[in-house]
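Input: a single structure, listed below in structure tokens.
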Amino acid sequence: MMSAPRLAIVLCSLVGFSAGAVSAAEPISYRRQVWPILKRHCWSCHSGKKPGGRLSLTTAEAIQRGGESGRLLVPGKPEESLLIEITGGNEPSMPPKGPPLSSAKIEILRRWIVQGAEVDKIAPPGEARIVIPREYTFPPAITSTAFSPDGSRIACACRSEVVVVQADGKGLPLRLPTRSDLINHVEFSADGKFLLAAGGTPSRYGEVCVFAVADGKQVLARRVGNDTLFRGGFSPDGTRVALGGADGAVYVIPLDAKAKVRRFELHSDWVVDVAWTPDGKKLVTAGRDKATKVASVETGKLLRTVDSSKERMSSVVTDGVFAVSAGKARTLIGYQLDVALQNVSVTGAGNGAKPITRRDQYTKNFEGQPGEVIDIALSGNRKSIAVAGLSTEVRIYSIADRKRTAIATGVRAPVFSVALNGDATLLAVGGQDGQLEVYRLPKVQRVFSRIPVPVRKSVAGKPGR
């Protein structure tokens, strides 16, 4: 069951939505109350021809049958139901990325099971109704952040809208709506004229939106594929964007709406992040299939799987000399691309032939990380990276020598997104609680902390819940 980014990566889970309070005596309807939760958080993984864990939510029979982990539901007994076990508790395992289900949603699922877990009707997936409120009940998670090239602005992905704030924390935010259920990636073009927002709606479509920074007008809205798009970015020449897909493919999308989209099949699971080399000739990708790969932009073909982790990957960056990737395994590894992409020699013959690996020659380990890594940010000059995730630390490193240059401690975890300005003197941090924090480096002095979107105030003066 799932979401943005770094989620998704970070995820396709709903952020900024509050399941309404439910009376203890009120019957729970699958279609009206349970289905919206499952569709938002779980449908993208557990639908289609190859549902995750062999658990499909497409029919009542499939839901009752469960998946490879066993029965999903034990009617009348929520404490024995796998659905509650994996989504509830202090450390829920589902959704695998993004915010956990709220206590209100867990209570709806629990009471539905107590009442017999009847599936009154499976609602057919239709066009998603995207609602961007004037004021949020509580802050949506920030699933992606990006500095403008001159460092004066910061773009934040806040559920279905991009919010642009001044890097000094002053002034009113600029709110740019999209038709994506969840935005997984935001990025400014190298010349600062355009702002990219990528995301989509699970099991329906991916969407790419481009806005003119000068006036905030949308200059491109393009739907791609049949599922959400994840992280990626502008090509060095600014004419295309490359984004990861939930179908294991990388999508190279021209900003010319009439030009054809290219699709590279590279991974066996979600492609959660894509990075261009500075010359625009190669793409480095990270997948939920635990692999880090390099592909040719010209041919769309795989050049090399440079590494296979024991755990899923979450993010990747490259300065052209090294690629750096990380994920759940808490290891941050650099790969020297020229060595990694040398011709592969083979030992043995026939069925006994095996490639001779040079992994120990081209891998360059950074220090171990304090928690699962969700996002890696590259500075504009491609000399520094910021690394963040489930830990309360954000660490800054020099790529060339892998030395740590700064560390921000006591940040609000989990962190879903980080960004560095051009010379790595400013750090932006966004996470589950919807707070944007900006620090001045290398002394890690906080510039400001704010919620980018307007939030309804309760009587006590705190955000409503």
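The values are calculated or read from the model by the stated rules, or taken from the named source; none is laboratory data. None of the values given here were measured: they were computed from a predicted structure. Note: ideal-geometry Cβ built from the backbone for every residue, glycine included; neighbour counts use all protein chains shown. Heads up: the accessible areas ignore ligands, DNA and RNA and are worked out on the full protein's heavy atoms, side chains in. Shrake-Rupley method; radii C 1.70, N 1.55, O 1.52, S 1.80 Å.
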Practice task
Starting from the Kirkwood radius over alpha-carbon pairs of region 56-98, derive D by Stokes-Einstein at 10 °C in a medium of 1.306 mPa s and give it in µm² s⁻¹.
Solution key: 143 µm²/s
Exercise for the section: May I ask for log10 I(q)/I(0) of region 286-432 at q = 0.13, 0.18, 0.20 Å⁻¹, from a Debye sum over the Cα atoms as equal point scatterers with solvent left out? Expected result: -0.59, -1.03, -1.22
Handout entry: Arg412-Arg446 pseudo-label distance in nm [points 7 Å out on the Cα-to-Cβ vector]
Key = 1.0 nm
Exercise for the section: Counting helices only, and only those DSSP H runs with n ≥ 4, report the 222 nm mean residue ellipticity of the chain as the sum of -39,500 (n - 2.57) divided by its residues, in deg cm²/dmol to the nearest 500. Expected result: -2000 deg cm²/dmol
Exercise for the section: Please give the length that would be gained between Lys457 and Lys258 if that part of the chain were fully extended, namely 0.36 nm times their separation in residues minus their C-alpha to C-alpha distance (nm, one decimal). Expected result: 67.1 nm
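May I ask you to list the trypsin sites (Lys or Arg not before Pro) in region 248-293 that are in a DSSP loop and have at most 14 other Cβ atoms within 10 Å of their Cβ?
Here the trypsin sites (Lys or Arg not before Pro) that fit, given the DSSP loop and packing criteria, are Lys258, Lys260, Lys281.
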Problem - Cα-based Rg / Dmax (Å) for region 152-213 - result: 11.8, 39
Completion exercise
If every Lys and Arg gets +1 and every Asp and Glu gets -1 at its Cβ, then about the Cα centre region 123-210 yields a dipole, in debye to the nearest 20, of 200 debye
Exercise for the section: From zero up to wherever the largest Cα-Cα distance of region 183-229 sits, split into 5 Å bins and tell me the percent of pairs in each. Expected result: 6, 24, 27, 21, 13, 7, 2
Handout entry: DSSP-assigned coil residues among GluC sites (Glu not before Pro) in region 59-102, each with at most 16 further Cβ atoms within 10 Å
Key = Glu68
Problem - Cα-centred dipole magnitude for the chain, charges only on beta-carbon of K, R (+1) and D, E (-1), debye, nearest 20 - result: 260 debye
Completion exercise
Charge dipole of region 186-280 built from unit charges on the beta carbon (Lys, Arg +1; Asp, Glu -1), centred at mean Cα; most positive-end Cα among Leu243, Phe188, Gly200 is Gly200
Completion exercise
Residue-normalised value, i.e. accessible area per residue, for the chain at 1.4 Å probe, in Å², stands at 43 Å²
Practice task
Based on a Kirkwood Rh over C-alpha pairs, give the Stokes-Einstein translational diffusion coefficient of region 389-457 at 20 °C and viscosity 1.002 mPa s in µm²/s.
Solution key: 170 µm²/s
Completion exercise
Of the convex hull enclosing the alpha-carbon atoms of the chain, the direction-averaged projected area in nm² is 23.1 nm²
Practice task
Mind checking the full-extension length gain between Lys217 and Val114? Use 0.36 nm per residue of separation minus the Cα-Cα distance, one decimal, nm.
Solution key: 32.1 nm
Practice task
List the aspartates and glutamates whose Cα lies under 18 Å from the Cα of Lys364, skipping any in the same chain that are fewer than 8 positions away.
Solution key: Asp307, Asp319, Asp338, Asp401
Practice task
Using a Förster distance of 60 angstrom, determine the FRET efficiency expected from the C-beta separation of Ala400 and Glu26, and round it to 0.05.
Solution key: 0.50
Problem - Net dipole in debye of region 154-196 [+1 Lys, Arg Cβ; -1 Asp, Glu Cβ; about Cα centre; nearest 20] - result: 140 debye
Completion exercise
Heavy-atom accessible area of the chain with neighbours in place, 1.4 angstrom probe: carbon+sulfur share in percent works out to 49 percent
Completion exercise
Note: Ile86 to Asn226 extended length (0.36 nm per residue) minus current alpha-carbon separation gives 47.7 nm
Completion exercise
Once both label points are put 7 Å beyond Cα along the C-beta direction, the Lys170-Leu302 separation in nm becomes 5.3 nm
